[in-house]
RNA sequence: GCUGGCGUAGCUCAGUCCGGUAGAGCAGCUGAUUUGUAAUCAGCCGGUCGGGGGUUCGAAUCCCUCCGCCAGCUCCA
């Protein structure tokens, strides 16, 4: 019999009989590895352990330590769930069941929606099947036979999938889980060798889905679950989900008095006093950053005649998301974006090449008529404002301007202590303009990213039809990613609006527009910050920075003096002079996540001091009022994250 | 928008299955207490049971409809 040579990652090699399954490689190395192996990577392809080795190959065995293991396990768990569902719900049809970022799902056509008790029963059945350690057998079925089998089994969706995915193939890949009734699913795999490898899983929720995500297609019931390689990882994940729930900005925002909603204005927040302070702090921060960077803040109309939207193309492509207004027989629309207003502003006077780049920044409200079902807290709203700007540049200025923008993004996220990453999206299949211009633009973006020292990934063909773009993802304190900043080149709108500047050659030229935002929208960014900080904002952002807590009524007068001094220094402070015990006032201030509590009683009133308590560190002892003010102002100015003790702040200030 | 769930006092929730005129805690108000680092005690106020319509002698409860909120609506065998 002929032999094949497999090369292992450590460079060593083994000889096996040709056609041996990959699992033999593991067995040849150690029984322990044979037991631990879940799959293998053969010449860079992830395959089952049952895959025969036909020729010499590089082989790496996948165990629960390998990066591929999690997705593999989740996909196999989805199959296990499908096996359980078909066993418990005769007649259930299976759709697709992929592994996803947080776990897996599987869609079914069933006679009634699943209820929570169903999930318990399905999960119990899954445990039973896992305990039985049933093999996942990969089988190659003649295509016609597979089609006939699924048709006979009442799985028209699988038939459709086979028809669509395997046109021209003679055989198709299926997986069988052998139980009393064998569950066979059409799937490329690969899978774990047997259900006994699936130990840590949990079904989480049900929801509606449609076949292929098309609302006009067959309605299905989706079950979401998650799976991990160990019980410990699963528990950690579930705990993280709990943590995310506790940080939910909708809950924290209400509890700390930032904003509220009313059914009469769905998708539009009411910013309460504290929320408005936070909003304004961010808006002014952005102004402080942008003014020295050469931006001009403008305010353009909120309502425009339909003619503008016809010119910009929104009327054709975006009308269903626009709020329309009738006036004297004219159709107007609330603006969903600032760009057209900025184009008109640019065109309102003659521009010289010497004036470019011209940068318009605007924070006025935008309205987008989002479908009611997608509204959600502050993250998906109908009314919001962006830290929006459009940079009008000469083609030769693109690289430098983009580099400045990347540095601006780095600076801003740095001030919030938010880690982030960049994605470059390149020319899509459907695009406007010529290839040479696109290639040039993409090169400029790459160079700018490199000059700014910004690592990035490339999303091929994911650019907008009018130009390439760079998107930035922010990672919050519990590891979730939020897409916020964007930098988009636009060659198209300057054409639509016939924008021009006079060049050094005294002829008209077309500028390029760069659309850009760093926060994205204030609403969404505030949601991010609330969840990132769990409502405990760093001092510079905290709507209420200091609460003064008198022990007894007789200390209220001194309290007013202290608050006045804090306010005069520019700190946001208030007095809690209710007739409550100090423990009660502290508890409330803690729950409101106020950074500093200044307790004052007889001792403090006599000495002109305050007993400083921090939200995070508890009682810090007494300090002179002026010392506290100096330290707190320094903390605000340096925009320090967290809430270190004032003592530490002073020590740091002195050591400089 | 579509599917499912939910909507009872400012908040969190019980009562809905099985129709008989709404209840708790917190918050608020009043009073007492004058308090030293995460909840002092007592009393009181507070609800068109999301809106509208219907069934019924009688509806928070059953039916219809509208509104809002929550989750989901390809991350593609």
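Each reported figure results from applying straightforward, stated rules to the coordinates on display, with no laboratory input. Note that the structure is a prediction, hence the values are computed from the model and not measured. Note that we place each Cβ from the backbone using ideal geometry, even for glycine, and neighbour counts take in every protein chain shown.
Counting other Cβ atoms within 10 Å as a rough exposure proxy, the listed residues A:297, A:328, A:242 run A:328, A:242, A:297 from fewest neighbours to most. Kirkwood radius and radius of gyration were both taken over the C-alpha atoms of chain A, and their ratio Rg/Rh is 1.04. Inter-part distance, region A:575-628 to region A:83-127, computed on C-alpha centroids, equals 55 Å. Measuring nothing but how far apart in sequence close Cα pairs (under 8 Å, 6+ apart) lie, relative to its length, chain A scores a relative contact order of 8 percent. Dividing the convex hull volume of the alpha carbon atoms of region A:331-391 by its residue count gives 92 Å³ per residue.
Protection proxy ranking of A:410-419, A:26-35, by the mean of other Cβ atoms within 10 Å over each peptide's residues and highest first, is A:410-419, A:26-35.
Among A:573-580, A:593-600, the peptide with the highest mean count of other Cβ atoms within 10 Å heads the list, and the full ranking is A:593-600, A:573-580. The helix-only estimate of mean residue ellipticity at 222 nm for chain A, built from DSSP H runs of length n ≥ 4 each weighted as -39500 (n - 2.57), is -11000 deg cm²/dmol after division by the residue total.
So for region A:518-623: antiparallel DSSP bridges make up what percent, rounded to the nearest 5? Expressed as a percentage, antiparallel bridges in region A:518-623 total about 55.
The C-alpha radius of gyration of region A:1-119, expressed as a fraction of 2.2 N^0.38 Å, stands at 1.36.
The value for region A:249-403 of Rg(Cα) / (2.2 N^0.38 Å) is 1.20.
The share of C-alpha pairs in region A:142-273 whose separation exceeds 26 Å stands at 54 percent.
Region A:203-266 and region A:487-512 have Cα centres lying 45 Å from one another.
Modelled label positions at residue A:305 and residue A:624, each set 7 Å beyond Cα in the direction of Cβ, lie 6.7 nm from each other. Treating each Cα of region A:418-532 as one equal point scatterer and applying the Debye formula with no solvent, the log10 of I(q)/I(0) at q = 0.10, 0.11 Å⁻¹ comes out as -0.37, -0.44. Taking every DSSP bridge with both residues inside chain A, close to 85 percent are antiparallel.
By count of other Cβ within 10 Å, fewest leading, how are A:465, A:343, A:114 ordered?
Numbers: A:465 12, A:343 25, A:114 20.
So the ranking, lowest neighbour count to highest, is A:465, A:114, A:343.
Helix A:116-131 and the longest principal axis of the C-alpha atoms of chain A enclose an angle of approximately 50°. Find how many whole Å separate the alpha carbon centroid of region A:272-308 from the alpha carbon centroid of region A:1-34. When both Cα centres are located, 64 Å separates them. Our estimate of slack between residue A:36 and residue A:262, defined as 0.36 nm per intervening residue step minus the Cα-Cα distance, is 75.8 nm.
Take the Kirkwood radius over Cα pairs of region A:124-197, plug it into Stokes-Einstein at 25 °C and 0.890 mPa s, and you get 189 µm²/s for translational diffusion.
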